[in-house]
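The values are calculated or read from the model by the stated rules, or taken from the named source; none is laboratory data. Predicted, not measured: the structure shown is a model, and the values here were computed from it. Cβ: placed from backbone, ideal geometry, glycine included. Neighbour counts: every protein chain shown. With ligands, DNA and RNA removed, areas are computed over all heavy atoms of the protein, side chains included. Shrake-Rupley method; radii C 1.70, N 1.55, O 1.52, S 1.80 Å.
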Amino acid sequence: MKRNGNAISKIEDPLVRQRAQKFSKRTQLAFLSDDKIGRSWFFRLITILRYYVFIFVHSFEIIGIEKLPKGKGALMISRHTTHCADVLPILISGYHMTGRVTRGLLHRLLMRCFPFLRRIGCLPGERETAEALLEVGYLCGVIPGGVDEAMIGHKNAYKVCWPKKSKKSSRKGFALIAMKAGCPIIPCFLQNQEEMRFNPIFWFGNLLHIGRLYSYIMLFNIPYIMPLVCNICQTLWFCCTWFQFPIPVKLTLHIGDPVEYGENDTAKDVVNRSRIALQTLINKHQPHDFSIIHAKKKRQRLKGKQHVDVTYRLYSSSFHNHQQRTDSNRLLSLIRDNIRQMTDNGLTVVQIKK
């Protein structure tokens, strides 16, 4: 708790500090600057455990970084996977490739089970907190479909599904937050996100059409019975997500164009536009349905191109340049230094691998 108590004193911006004082000490961790979170010991530990493996196994890259507003907050929306293995690596990779930490708005129960996620900027998805983060210029990420979207099965893996549980839960929360904060809503999609993990339990359940059965049950919306059924099914689903095996497929995070809306638009209109924008982005970059074979073939074609006589290049763009970092504010890596030296000497990819 002492470390959490010092969070407010580490916030340098007076405006951000003033907004953070309204919240609990644990929530104040999300108001730290991007560099403070990215340079923390826990963020660097997760980088070592997940980032480099994620980049090596999946050749992860981000396309469309220039669409993120500079110096302004934005609410990024995406679709939920059946395995949840993409959330943490994307949050870590996003900082290393854009220089900005995305504050993940997660389920309250998930944050209770894994409170250490607050160390990388995650926090429970509460409207007041999200609005404050967006207004001070931070990036926030949310999955409107939630667990219900993740449980509809592989056959609907690339269909945006935002079912309504009740009148209180109408999936309009993210739209209301963005409209009140006056920030853009940006759809994002991870290409081949379902094929990156193989879960034998989910594969067998897909053969039995359990996901489709769950969708049918959700349509009835029976009082008192539905909440009990949902809690049981979601608990079982979360426990089964741990039984998964990585598949070396190519992963690309596509950042779409911001969803346009005006002052006269209602939350329902913004939700419909966001759903259409996200589904359009998915259809564009994932024209085929769930197919591990198709995803692996694409990765093999990429490997074939990497054997061409080319040299390694550091990631850079007009938005963020890794050359701006010094050895004092990034993780030490002898491998990176050796690759830089060999690249400067004119060695190709094949020669460096040898």
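With respect to being among the basic types (Lys, Arg) and either modelled with pLDDT of 85 or more or in a loop (DSSP other than H, G, I, E, B) (or both), ARG275 fits the description.
Counting just the residues of segment 215-229 that are out of contact with any Phe, Trp or Tyr (no Cβ under 8 Å at 6 or more places or on another chain), more than 20 Å from ALA157 (Cβ to Cβ) and in a helix (DSSP H, G or I), which one comes out least open to solvent (accessible area, probe 1.4 Å)? Spell out how you get there, then give the answer.
Of all residues in segment 215-229, those out of contact with any Phe, Trp or Tyr (no Cβ under 8 Å at 6 or more places or on another chain) come to 215-225, 227-229.
Checking the rest, the ones that are also more than 20 Å from ALA157 (Cβ to Cβ) come to 220-225, 227-229.
Within this subset, residues satisfying the condition of being in a helix (DSSP H, G or I) are 220, 225, 227-229.
Values: PHE220: 152, ILE225: 95, PRO227: 71, LEU228: 106, VAL229: 42 Å².
So, considering only residues that are out of contact with any Phe, Trp or Tyr (no Cβ under 8 Å at 6 or more places or on another chain), more than 20 Å from ALA157 (Cβ to Cβ) and in a helix (DSSP H, G or I), the one least open to solvent (accessible area, probe 1.4 Å) is VAL229.
For segment 245-271, a tally of residues being exposed (fewer than 14 other Cβ atoms within 10 Å of the Cβ) and either touching an Asp or Glu at 6+ places or on another chain (Cβ under 8 Å) or in a helix (DSSP H, G or I) (or both) returns 2. Taking the criterion of being under 24 Å from LYS268 (Cβ atoms) and more than 17 Å from the chain's Cα centre (by Cα), the only residue of segment 134-147 that qualifies is GLU135.
Please tell me if LEU68 is closer than 29 Å to ILE177 by Cα, crowded, with 20+ Cβ neighbours inside 10 Å and touching a strand residue (DSSP E or B) at 6+ places or on another chain (Cβ under 7 Å).
Working: closer than 29 Å to ILE177 by Cα: yes; crowded, with 20+ Cβ neighbours inside 10 Å: yes; touching a strand residue (DSSP E or B) at 6+ places or on another chain (Cβ under 7 Å): yes.
So LEU68 passes the test.
Take residues that are more than 19 Å from VAL136 (Cα to Cα) and tell me which of the helices (runs of 4 or more DSSP H) falling wholly in segment 1-74 contain 2 or more. Walk me through it before giving the result.
Details: elements: 2-5, 14-20, 34-38, 41-46, 52-58.
Result: 2-5, 41-46, 52-58.
As for segment 278-296, it holds at least one residue that is modelled with pLDDT under 85 and either within 30 Å of ARG340 (Cβ to Cβ) or of a type in the set (Val, Ile, Thr) (or both).
Screening segment 188-214 for residues that are assigned to a helix (DSSP H, G or I) and in contact with a helix residue (DSSP H, G or I) (Cβ under 8 Å, 6 or more places away or on another chain) and picking the one that is most open to solvent (accessible area, probe 1.4 Å) gives TRP203.
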